[in-house]
Amino acid sequence: MESLHPFSICINKSLTILKTIFMGCVSEIKISYKNRVTSSNLSKISSSSDAAEILFETWDNDTIELHEAFKILLLNNSNIVKGIYEISSGGITGTLVDIRILFAVVLKSLSTAIILAHNHPSGNLKPSEADKRLTAKIKQACDLLDIKLLDHLIITPSHNYYSFTDNGIL
C-alpha cells in the first residue's frame, strides 16, 4: 500500500472541507427559462401600455389587492420580453427590494433592458417618495452597468397604471 506524504493528506483534507463548505452553504442564484417565443407570440414592448398589458395578464388577480409585490420585466436588445421575475412580495403598504438580487437576476439572464413594476393594493396611482428614490437608485446602477431602464410602472387592482417614463420622472 502506497503511503501519502503528510502534507498531501493535509491539503486533501483542506480541499474536502472547503468543498463541503462551498457546496453545502453557498447557493448559486439559478435563473432558468424556456424560450417559448414563436413568431405568433412575440411580446415586444413599444410603449408603457404594452408593458402594462403583459403585467396585468401575468399578475395574480387573487393577490393584487392584498399585498405589494415588485417585479421586473427582463428584455432583450429588441425589447422583447425574456421573462418576468418577482423580486419581492411584502405587506399591504410596501415591499422590500434588494437591489443586489435584482441585478443578480438581470445580469444572470443577460438582459439588456428592464422595466420595473409594482402594485399598489390601495388603488392609489401616485408614486411615493420611496418609489421615486428606489427608481433613481436602480437607474444609477443601470447606467453604470449599461442596462436600459425603460420604465417603472405602478399598477392597481382596477387595471390602471402609472408610468414613470410617460410622466417624465424617469
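For segment 35-132, the share of DSSP beta bridges that are antiparallel, to the nearest 5, is 100%.
For segment 127-136, backbone phi angles converted through the Karplus equation (6.51, -1.76, 1.60; θ = phi - 60°) give residue-by-residue couplings of x, 7, 5, 5, 4, 5, 5, 4, 4, 5 Hz, Gly and Pro being listed as x. Calculated accessible area for segment 105-170 comes out at 49 Å² per residue, all protein chains present (probe 1.4 Å; ligands, DNA, RNA ignored). For residue 153, the shell of other residues with beta-carbons less than 12 Å away shows a net charge of -4, using +1 for Lys and Arg and -1 for Asp and Glu. Holding the Cα-Cα limit at 20 Å, pick out from 82/132; 82/126; 82/148; 71/132; 108/139 the pairs that are longer than that. The pairs that break the limit, which is 20 Å between Cα atoms, are 82/132; 82/126.
Work out the FRET efficiency for residue 61 and residue 132 from their Cβ-Cβ distance, taking R0 = 22 Å, and round it to the nearest 0.05. Write out the running numbers ahead of the final one.
Values: r = 27 Å, r/R0 = 1.24.
In this case the efficiency is close to 0.20.
A simple count of charges around residue 94, restricted to other residues whose Cβ falls under 10 Å of its Cβ and scoring Lys, Arg +1 and Asp, Glu -1, yields -2.
The values are calculated or read from the model by the stated rules, or taken from the named source; none is laboratory data. For clarity, every value in this text was computed on a predicted model and none was experimentally measured. Cβ sites come from the backbone with ideal geometry, for glycine too, and all protein chains shown count toward neighbours. Side chains included, ligands, DNA and RNA excluded: accessible areas come from the protein's heavy atoms. Shrake-Rupley method; radii C 1.70, N 1.55, O 1.52, S 1.80 Å.
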